Amino acid sequence: MHVAETVATRATCPRASVGAVLVRDHRILTTGYNGAPRHVAHCTEVGCEILNDHCIRSVHAEANAIVQGALHGVGLEGATAYCTHQPCVACAKLFISAGVRRIVYRDPYFDPFAQKLLAEAHVELAPFS
């Protein structure tokens, strides 16, 4: 979790500093933080784009961690995700599809449908203790 917290310091959306680390067999596979997509200006440079109280310029940390796996050919099947924040439904679906088996989070984020999907997919969701 300390690595996820450190990764979160690189976030480029001032609305939240979120970090994610994917590990398997005690090895870090990928990391991600919330920020703009590649080759797109970051919120810290041009400001946030807000729609329905969410910044739509920024990619979530969890999604960026999965994208890093895709970019670098790192399979995530069976991985554990350590996240500074409990994943939203969109990130929960990405974790399920990527084969992540366990998610440990520090800060809760109430999303009952995300919890329902994770349970249905047999992905463990656990608060960090």
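The values are calculated or read from the model by the stated rules, or taken from the named source; none is laboratory data. Worth saying up front: this structure is predicted, and the values here are computed from it rather than measured. Backbone-built Cβ (ideal geometry, glycine too); neighbour counts: all protein chains shown. SASA here: full protein model, heavy atoms, side chains in, ligands and nucleic acids out. Shrake-Rupley method; radii C 1.70, N 1.55, O 1.52, S 1.80 Å.
Pairs needed: first member in the stretch 93-122, at positive phi; second member anywhere, of a type outside the set (D, E) and open to solvent by 30 Å² or more (accessible area, probe 1.4 Å); C-beta distance under 9 Å; at least 6 residues apart or different chains.
So the pair list comes out as G99/G75; G99/G78; H122/R101.
Inside the stretch 59-71, can you point out the residues that are buried (at least 24 other Cβ atoms within 10 Å of the Cβ) and small (G, A, S)?
Once the filter is applied, which keeps residues that are buried (at least 24 other Cβ atoms within 10 Å of the Cβ) and small (G, A, S), the stretch 59-71 yields A61, A65.
Please work out if V46 is open to solvent by 40 Å² or more (accessible area, probe 1.4 Å) and touching a Lys or Arg at 6+ places or on another chain (Cβ under 9 Å).
For V46, the condition - open to solvent by 40 Å² or more (accessible area, probe 1.4 Å) and touching a Lys or Arg at 6+ places or on another chain (Cβ under 9 Å) - is met.
Out of all the residues in the stretch 37-51, is one or more within 26 Å of L125 (Cβ to Cβ) and not basic (K, R)?
No, the stretch 37-51 has no match at all.
Check whether at least one residue in the stretch 81-90 is among the hydrophobic types (A, V, I, L, M, F, W, C), crowded, with 17+ Cβ neighbours inside 10 Å, part of a strand (DSSP E or B) and in contact (Cβ under 8 Å) with a residue 60 or more places away in the chain, and report yes or no.
Yes; the residues of the stretch 81-90 include at least one that is among the hydrophobic types (A, V, I, L, M, F, W, C), crowded, with 17+ Cβ neighbours inside 10 Å, part of a strand (DSSP E or B) and in contact (Cβ under 8 Å) with a residue 60 or more places away in the chain.
Among V7, V104, V3, V74, which is the only one that is surrounded by 12 or more Cβ atoms within 10 Å (Cβ to Cβ), hydrophobic (A, V, I, L, M, F, W, C) and in a loop (DSSP other than H, G, I, E, B)?
Testing whether each residue is surrounded by 12 or more Cβ atoms within 10 Å (Cβ to Cβ), hydrophobic (A, V, I, L, M, F, W, C) and in a loop (DSSP other than H, G, I, E, B) leaves just V74.
Restricting to the stretch 20-67, and then to whatever is basic (K, R) and not in a loop (DSSP other than H, G, I, E, B), can you tell me which residue is farthest from R101 (Cα to Cα)?
So the residue we want is R27.
Conditions (1) touching a His at 6+ places or on another chain (Cβ under 9 Å); (2) β-branched (V, I, T), marked per residue:
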site: A63; (1), (2): no, no
site: I66; (1), (2): no, yes
site: G78; (1), (2): no, no
site: A81; (1), (2): no, no
site: C91; (1), (2): yes, no
site: V100; (1), (2): no, yes
site: Y105; (1), (2): yes, no
site: P108; (1), (2): yes, no
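Would you mind stating whether K116 is crowded, with 16+ Cβ neighbours inside 10 Å and at pLDDT 95 or above?
Answer is no for this residue.
Can you list residue pairs whose Cβ atoms sit under 6 Å apart, with the first residue in the stretch 33-56 being free of Cβ contacts under 8 Å to residues at least 40 places away in the same chain and the second being in a strand (DSSP E or B)? Count only pairs 6 or more apart in sequence or on different chains.
What qualifies is Y33/G19; P37/V59; H42/G35; C48/C55.
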